[in-house]
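Data block below; observations after.
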Amino acid sequence: MIDLPNPVVVAAGCGGTGRELAALGALEGIGAFTTRSLTLNPRAGGPAPRIAETPSGLVHSTGLPGPGLEIFLATELPWLVQQGLRVVVSLSGASVAEHAEVARRLAQAPGIRALEVDLAVPDARAHGLLDVREPFHAANVVAAVVREAQDLPVLAKVRSDVLRVAESARVVTDAGASAVVVGGPQAAALPDGRPAGLSGPAVLPLALRCVGEVRAALPGVPVIGCGGISTAADARAFLDAGAVAVQVGTALLHDPTTAARIAADLAGGPS
Amino acid sequence: MIDLPNPVVVAAGCGGTGRELAALGALEGIGAFTTRSLTLNPRAGGPAPRIAETPSGLVHSTGLPGPGLEIFLATELPWLVQQGLRVVVSLSGASVAEHAEVARRLAQAPGIRALEVDLAVPDARAHGLLDVREPFHAANVVAAVVREAQDLPVLAKVRSDVLRVAESARVVTDAGASAVVVGGPQAAALPDGRPAGLSGPAVLPLALRCVGEVRAALPGVPVIGCGGISTAADARAFLDAGAVAVQVGTALLHDPTTAARIAADLAGGPS
Amino acid sequence: MKAPLHTTGEVLSSKRVGAYQHLTVVAPGVAERFRPGTFVAVSVDGTRLARRALWIHGVRAVGGHGPALQLVVEPVGPGTRWLAERPVGARLELTGPLGRAFALPKEPVATLLVGEGYAAAPLFPLAERLRERGCQVNLLLAAPDERHLLSALEARRSARAVTVVTADGSVGRRGSVADVVAGVLAQAAAEVVYAAGPVPTLHAVAAVAEQAGAWSQTAVEQPLTCGTGLCHGCPLPVVGEDGVARVVRACTEGPVVRGDRVRWAELAGTRPGAGGPA
Amino acid sequence: MKAPLHTTGEVLSSKRVGAYQHLTVVAPGVAERFRPGTFVAVSVDGTRLARRALWIHGVRAVGGHGPALQLVVEPVGPGTRWLAERPVGARLELTGPLGRAFALPKEPVATLLVGEGYAAAPLFPLAERLRERGCQVNLLLAAPDERHLLSALEARRSARAVTVVTADGSVGRRGSVADVVAGVLAQAAAEVVYAAGPVPTLHAVAAVAEQAGAWSQTAVEQPLTCGTGLCHGCPLPVVGEDGVARVVRACTEGPVVRGDRVRWAELAGTRPGAGGPA
Ligand SMILES: Cc1cc2nc3c(=O)[nH]c(=O)nc-3n(C[C@H](O)[C@H](O)[C@H](O)COP(=O)(O)OP(=O)(O)OC[C@H]3O[C@@H](n4cnc5c(N)ncnc54)[C@H](O)[C@@H]3O)c2cc1C
Ligand SMILES: Cc1cc2nc3c(=O)[nH]c(=O)nc-3n(C[C@H](O)[C@H](O)[C@H](O)COP(=O)(O)OP(=O)(O)OC[C@H]3O[C@@H](n4cnc5c(N)ncnc54)[C@H](O)[C@@H]3O)c2cc1C
Ligand SMILES: Cc1cc2nc3c(=O)[nH]c(=O)nc-3n(C[C@H](O)[C@H](O)[C@H](O)COP(=O)(O)O)c2cc1C
Ligand SMILES: Cc1cc2nc3c(=O)[nH]c(=O)nc-3n(C[C@H](O)[C@H](O)[C@H](O)COP(=O)(O)O)c2cc1C
Ligand code: FES
Ligand code: FES
């Protein structure tokens, strides 16, 4: 896995292009920055409304809007690398071949520390993406990405339902993933019934349980925990449960300085 | 299914013996009262701490404390019936035989409107109960209960993870359940790692999604929705999603008058 | 016993005294139903579903409002801090009075009231009722330090004899309830002992009372989720009158229970009440 | 452009005027960075994670505090009601100023400013800047009724000519912006039009401006989750300078965009801004 100076990582899809957080001084001291999940071609994203508020949570179905690989490599990545950030590039796609192609081209780009494969999209089909939540498909995609990733470590962000999370983690590490990200969005629905993901503090106990399941089943596999983390105490609960690092997502939408604050607190601020 | 004057039902295990809510006038106008899940013999319940607070949720592992069937029939049921309440008796057990035996004796007791089988206990094994979350086991238990229940309708409270909820609902109705209760606790963990259930507004979007899955897969099966309902608007969201009734649980612990208030609002209060 | 109410109260005043925030809250109907040893369950900010239990410290007539509740809050966590910060005029969702009150002796006997930290709160109105019945009231007040000593001045008014112990010796004797309770009990020749405070303190008081042949009534604090008897989140291991070990709900079958009925050793693992010495 | 800040502000005053609550909030650094057309994203009570966007209505020096933000809140939902109820002294977590401001003309041209409901808020400080540059300022203010008409008195001071329309005719002409904007624009001989209000109003203004050969700058409100460009929850369909259709973030590439660049028809399905006629 990658070597992190601090265990607090910005979660995929919640840190914009990086520039927005940097303008607020909100990337200071963080361990790594994960990009939104990139696809080969630009994507406009799904229809509005994309996000709804629920108690202590957000239900979201953004449809992975993004610039596509070309523009990302030309305009976003160099800036991130220049800032001295440890960059993890998340990727997604409509086919195994697209995942592989994106991985191949990212492996040639300078400055990337790791790839992360998004295997947890609860609304993949609605947005024309490959639904790789089933462990079998997840392993296939991971194997294809690992083959192209050369020396880059590959993180597999697995579906986080208690029932399948340990099995998912096992098959993706068998397929070559260096670590698993556990605690992504829970399958939920937008108020109008469209499939969507639930994130935020509401899901923390579910995510923590998932981390526990994976740690118990696969003690040798590094786990990056996420799901509802918004304080240093939350982060510590995941680290205490055996996670090697944590990702902060939704909390950034509410307070963009959250990750930097937690990173500072863990680095020796008041406990 | 039972005929309800109002679609708002007190959820199992969240209404005490009924007397505590009655003392607050908080059973007025409700559609039905569900008891905590009864077992054949008295149960002391699990060790403390049993409940922890999470953002907009409660994580709980009470271990089904209860008086056992004998004392329930002698002291709790007659009072509930006398109040003119529609009583749904929830049941659980350590074996299929115990479920059947409890059902047999309840079927002979006067005044009960329906039985509800708790198939959703996320911490069953920790408390020496039969883990009947797997659809196969759930169907077995429901079939045994239906056999003994005589004319009483049997409601099956199924595990509520998006992945298995529709399958669970299908097998239990095949086994003879008259309706399914969808949206019980989500599998989570207490802060010390013990398995537990997550309930309350935090899980509402997950429960609503589960109701949607069951309605889509089994349009003919009556669904009673629950999970995080604390306002009339929440209840309406479940009714709009196709539920015939709703259960209110955790919200009663925070404000014991919630069910009565929602019942009044739905019965023609301000919308 | 009159039924409790669920209602919206209003903060009439809030003032800091030592380590505690004293709130006066109008909550129509609740004050009228109050008996010493009962508590209110209060809702705090939006994300927190568990309710916060507070002893009713007393009932005070407030001009234009009728009787109002007096509450004592020690800000130790998010909920109690939130409560301590409520401005005058703020609304509070609350349910009460809840739980079993202290049982009063039928005869005018000598009594000892032992209170530690904020938990001494229900003993003051209890002292009043006892004096009304002709009981002699002796008070033993304990706290980690002077700031955590509840209403020591008021105490002199309500009791015949007042003993104060603090862990740091800043007022009264240096020491704990366990150190002094046997002596105080003997000197008072008390036949009934009432105690409120952290579990280890109650345990010590109950043991000393039993040795001395006195009745004890202990007000036991256990983490409460609902406070209203609905959730079974507050297990209290006791021995019933029939000698059978049982687990009851601390909020509904308690908080006040006979000291000789609690299986104290099994409570040791649970979280001690805030406000006691660390 | 100076970077925004995330900070804790404090409510210095809160007063009701008609349908709106006017808040003055000190937020060190934010006021200094303000340009008309930018907004702040405010956090509301504990369970709600989405932030609430508010236009900056102006910046006012407050003795002993430095420049403070003036905000106008229409209490329409849980978040805006919560904000309208904040007492003086309350703290507010906020981020700002956010978004692209109104672009100012390089030449001293005639301008028309069209505002509906609370959304007229950013037009007042804009009028000031325009006058400083020698631009002629004409104002068209609209609202459902008098209570929702923002600062009509102040308007007379900041503009050469002020036209008022209300849906119920309670002040000014009866009607809507769409009814009168072409006439007002012609009369003012405006070369640049600035507009803020519900989507249908902006659409009408942009269309009329285009017909008249004027530039338009529209301040578009879309439901914002973060307001800071992180979540992509605020899709705004536009046509880029290269003629290619794109979806941009309303909070970051907006809220102010050229009226002729927005694909208005595709916005129709999304929720109209509050404050407009129903
Ligand atoms: C019957 C009774 C009466 C009480 N009276 C008072 C009083 O008059 N004044 C006062 O300041 N405090 C009193 N307490 C303690 C007070 O309720 C807790 O300190 C408070 O709930 C802690 O909440 P928090 O959010 O501030 O802290 P946290 O420690 O974060 O509390 C989180 C949770 O833990 C539980 N908890 C933590 N400590 C305790 C405790 N000692 N007892 C019970 N539950 C706990 C609470 O239920 C809460 O849900 C009383 C407790 C009980 C049981
Ligand atoms: C750039 C911008 C500036 C604004 N300035 C002001 C202002 O100065 N004064 C004012 O009173 N209101 C303003 N609004 C509208 C205000 O942000 C919404 O009315 C408010 O978010 C509604 O929150 P609520 O909880 O009260 O209501 P609800 O309707 O319950 O809001 C729930 C959610 O819906 C979203 N939402 C609802 N209506 C709108 C809307 N019209 N626009 C955007 N999001 C919405 C919010 O993001 C919120 O998360 C502005 C909106 C934007 C986008
Ligand atoms: C608006 C939004 C967009 C997201 N986009 C992505 C994404 O592009 N790729 C991905 O792997 N996860 C995405 N996520 C999931 C987060 O990275 C994170 O795993 C999840 O939200 C749980 O953590 P949290 O509760 O801290 O947000 C998104 C989440 C949100 C709320
Ligand atoms: C403290 C507590 C105890 C519960 N006990 C039971 C029980 O005995 N039997 C049962 O079927 N469900 C039990 N439940 C689950 C509820 O009935 C309900 O299905 C679930 O909590 C989701 O709904 P809610 O969010 O409204 O609480 C319990 C829930 C809580 C919080
Ligand atoms: S706290 Fe819920 S039953 Fe006692
Ligand atoms: S509101 Fe989050 S990106 Fe615009």
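The values are calculated or read from the model by the stated rules, or taken from the named source; none is laboratory data. This is a predicted model, so every value here is computed, not measured. FYI the Cβ positions are ideal-geometry reconstructions off the backbone, even for glycines, and counts take in every protein chain you see. The protein model used for the area step is the full one, side chains on, heavy atoms only, and it has no ligands, DNA or RNA in it. Shrake-Rupley method; radii C 1.70, N 1.55, O 1.52, S 1.80 Å.
Some points to look at:
- D:Pro87 vs. criteria away from chain A (no Cβ under 14 Å), without any contact (Cβ under 8 Å) to a residue 40 or more places away in the chain and either within 28 Å of D:Arg147 (Cβ to Cβ) or of a type outside the set (Gly, Ala, Ser) (or both): no
- C:Val73 fulfils the conditions (1) within 24 Å of B:Thr231 (Cα to Cα); (2) open to solvent by less than 10 Å² (accessible area, probe 1.4 Å); (3) away from chain D (no Cβ under 14 Å) except for a single criterion, (1).
- Contact map, region D:45-65: residues that are open to solvent by less than 20 Å² (accessible area, probe 1.4 Å) paired with residues that are among the acidic types (Asp, Glu), Cβ distance under 8 Å, separation 6+ or inter-chain. Pairs shown: D:Leu49/A:Glu53; D:Ala50/A:Glu53.
- Qualifying positions in region C:30-47 - touching a Pro at 6+ places or on another chain (Cβ under 7 Å) and closer than 13 Å to B:Thr54 by Cα: C:Thr47
- Flag: B:Val142 matches the condition of being at pLDDT 95 or above and open to solvent by less than 40 Å² (accessible area, probe 1.4 Å).
- Some residue of region D:198-214 being within 14 Å of another protein chain (Cβ to nearest Cβ) and away from ligand 1 (no atom under 16 Å from the Cβ): yes
- In region C:223-245, residue most open to solvent (accessible area, probe 1.4 Å) [restricted to those that are in contact with a Pro (Cβ under 9 Å, 6 or more places away or on another chain) and more than 7 Å from every other protein chain (Cβ to nearest Cβ)]: C:Ala245
- For region D:165-194, filtered to residues that are of a type in the set (Val, Ile, Thr) and surrounded by 17 or more Cβ atoms within 10 Å (Cβ to Cβ), the residue that is nearest to the chain's Cα centre (by Cα) is D:Val193.
- Check on C:Ala50, more than 17 Å from the chain's Cα centre (by Cα), of a type outside the set (Lys, Arg) and more than 13 Å from every other protein chain (Cβ to nearest Cβ): no
- The condition of being in a strand (DSSP E or B) and of a type in the set (Val, Ile, Thr) holds for only one of C:Thr218, C:Thr201, that being C:Thr218.
- Boolean, C:Thr8 is within 16 Å of ligand 5 (Cβ to nearest atom), over 26 Å from C:His148 (Cα atoms) and assigned to a strand (DSSP E or B): no
- Taking the numbered list (1) assigned to a helix (DSSP H, G or I); (2) of a type in the set (A, V, I, L, M, F, W, C); (3) more than 16 Å from the chain's Cα centre (by Cα) in turn, B:Val142 passes all entries but (3).
- Residue list for region C:214-235, filter: within 16 Å of ligand 4 (Cβ to nearest atom) and of a type outside the set (Gly, Ala, Ser): C:Gln222, C:Pro223, C:Leu224, C:Thr225, C:Cys226, C:Thr228, C:Leu230, C:Cys231, C:His232, C:Cys234, C:Pro235
- For A:Ile51, the criteria (1) over 25 Å from A:Ala138 (Cβ atoms); (2) surrounded by 22 or more Cβ atoms within 10 Å (Cβ to Cβ); (3) out of contact with any Ser or Thr (no Cβ under 6 Å at 6 or more places or on another chain) hold in every case but one, which is (3).
Residue-wise test of (1) in contact with a strand residue (DSSP E or B) (Cβ under 7 Å, 6 or more places away or on another chain); (2) more than 16 Å from ligand 5 (Cβ to nearest atom); (3) at pLDDT below 95.
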| position | (1), (2), (3) |
| --- | --- |
| A:Val223 | yes, yes, no |
| A:Ile229 | yes, yes, no |
| A:Asp234 | no, yes, no |
| A:Pro256 | yes, yes, no |
| A:Pro270 | no, yes, yes |
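- Any hit, region C:200-217, residues being under 15 Å from C:Ala101 (Cα atoms), among the acidic types (Asp, Glu) and either at pLDDT 95 or above or open to solvent by 60 Å² or more (accessible area, probe 1.4 Å) (or both): no
- Of the strands (runs of 3 or more DSSP E) entirely within region B:23-119, those holding at least 1 residues that are out of contact with any His (no Cβ under 6 Å at 6 or more places or on another chain) and within 14 Å of chain A (Cβ to nearest Cβ) occupy B:51-54, B:57-60.
- Of the residues making up region D:11-43, just one is modelled with pLDDT of 95 or more, over 26 Å from D:Ala155 (Cα atoms) and open to solvent by 10 Å² or more (accessible area, probe 1.4 Å), namely D:Ser43.
- Check on D:Val177, of a type in the set (Val, Ile, Thr), away from ligand 6 (no atom under 16 Å from the Cβ) and touching a strand residue (DSSP E or B) at 6+ places or on another chain (Cβ under 6 Å): yes
- Taken over region B:126-138, the criterion of being within 14 Å of chain A (Cβ to nearest Cβ) and either within 16 Å of ligand 6 (Cβ to nearest atom) or open to solvent by 10 Å² or more (accessible area, probe 1.4 Å) (or both) is satisfied by B:Ala126, B:Asp131, B:Arg133, B:Glu134.
- Out of B:Leu253, B:Leu208, one residue alone is within 17 Å of the chain's Cα centre (by Cα) and either of a type in the set (Phe, Trp, Tyr) or within 16 Å of ligand 1 (Cβ to nearest atom) (or both). It is B:Leu253.
- Of D:Arg174, D:Arg258, all but one fail to be basic (Lys, Arg) and in contact with a helix residue (DSSP H, G or I) (Cβ under 9 Å, 6 or more places away or on another chain); the exception is D:Arg258.
- Test: residue in region D:88-100 that is within 8 Å of ligand 2 (Cβ to nearest atom), more than 14 Å from the chain's Cα centre (by Cα) and open to solvent by less than 40 Å² (accessible area, probe 1.4 Å): no
- Taking residues in region C:1-30 that are more than 14 Å from chain B (Cβ to nearest Cβ), and partners anywhere that are of a type in the set (D, E, K, R) and in a strand (DSSP E or B), the pairs with Cβ atoms closer than 7 Å and at least 6 places apart or on different chains are C:Glu10/C:Arg91; C:His22/C:Lys15; C:Thr24/C:Arg60; C:Val25/C:Glu10; C:Val26/C:Glu10.
- The residue of region B:145-170 that is surrounded by the fewest Cβ atoms within 10 Å (Cβ to Cβ), among those that are basic (Lys, Arg) and outside any helix (DSSP H, G or I), is B:Arg164.
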